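A.B. asks: The following block contains the structure, expressed as structure tokens.
The values are calculated or read from the model by the stated rules, or taken from the named source; none is laboratory data. Given the structure is predicted, the values throughout are model-derived calculations rather than measurements. Ideal geometry is used to build each Cβ from the backbone, glycine not excepted, and the neighbour counts take in all protein chains shown.
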Amino acid sequence: MANILVVDDSYLTHRLIELILRSERHVIAAARNGVEAVAYLEKNRVDLLISDINMPYLDGLGLLDKVRADKRFKDLPVILITASGQERIHREVQMRGACGFLTHPFSSSELKKLVSSCLDQDEKSSSDIPRNGSCVENL
């Protein structure tokens, strides 16, 4: 069981992710944009952050940059989601240190597999096993 923060300005996308991950016994919290996510992170323990890239105020890439720049959250696994399947976006996400990347539409099994992979990677890094900085999967 992990505490997962889902950041998306689309209620339907958030709800879909929540339903899929609650079936895996994860605890899900919500934020509508990067600004709300940063505020949530300041006050709560989060094991994994899942964020849409395209959002108002602070988008997913900006949120990822803020998370990586803060020593308290620099090792927090982050999965980014977008409707764009452009290779440029995939490379950008990997370069900025995201654990994973999903392109809409994605299946529940793809989401579950990536969440499990990122949480396992985080668990290994917490055990003093060297981390290569990314476990990005092209799903």
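A.B. asks: Residue by residue through region 99-138, note down the ones that are of a type in the set (A, V, I, L, M, F, W, C), buried (at least 18 other Cβ atoms within 10 Å of the Cβ) and either at pLDDT below 90 or out of contact with any Pro (no Cβ under 8 Å at 6 or more places or on another chain) (or both).
C.D. replies: Phe101, Leu102, Leu111, Leu114, Val115, Cys135, Val136
A.B. asks: Hey, among the residues in region 7-18 that are closer than 17 Å to Ser109 by Cα and buried (at least 19 other Cβ atoms within 10 Å of the Cβ), which one's modelled with the highest pLDDT?
C.D. replies: Only one residue tops the list, namely Ile17.
A.B. asks: Right, next: Does region 41-51 contain at least one residue that is in a loop (DSSP other than H, G, I, E, B), surrounded by fewer than 16 Cβ atoms within 10 Å (Cβ to Cβ), touching a Ser or Thr at 6+ places or on another chain (Cβ under 9 Å) and of a type in the set (S, T, N, Q)?
C.D. replies: Looking for residues that are in a loop (DSSP other than H, G, I, E, B), surrounded by fewer than 16 Cβ atoms within 10 Å (Cβ to Cβ), touching a Ser or Thr at 6+ places or on another chain (Cβ under 9 Å) and of a type in the set (S, T, N, Q), one finds none in region 41-51, hence no.
A.B. asks: Okay, next question. What's the number of the only condition in (1) without any contact (Cβ under 8 Å) to a residue 40 or more places away in the chain; (2) under 19 Å from Cys118 (Cα atoms); (3) not in a helix (DSSP H, G or I); (4) not polar (S, T, N, Q) that Asp65 fails to meet?
C.D. replies: (3)
A.B. asks: Restricting attention to region 1-25, which residues are under 14 Å from the mean Cα position of the chain (by Cα), among the charged types (D, E, K, R) and assigned to a helix (DSSP H, G or I)?
C.D. replies: The one that is under 14 Å from the mean Cα position of the chain (by Cα), among the charged types (D, E, K, R) and assigned to a helix (DSSP H, G or I): Glu18.
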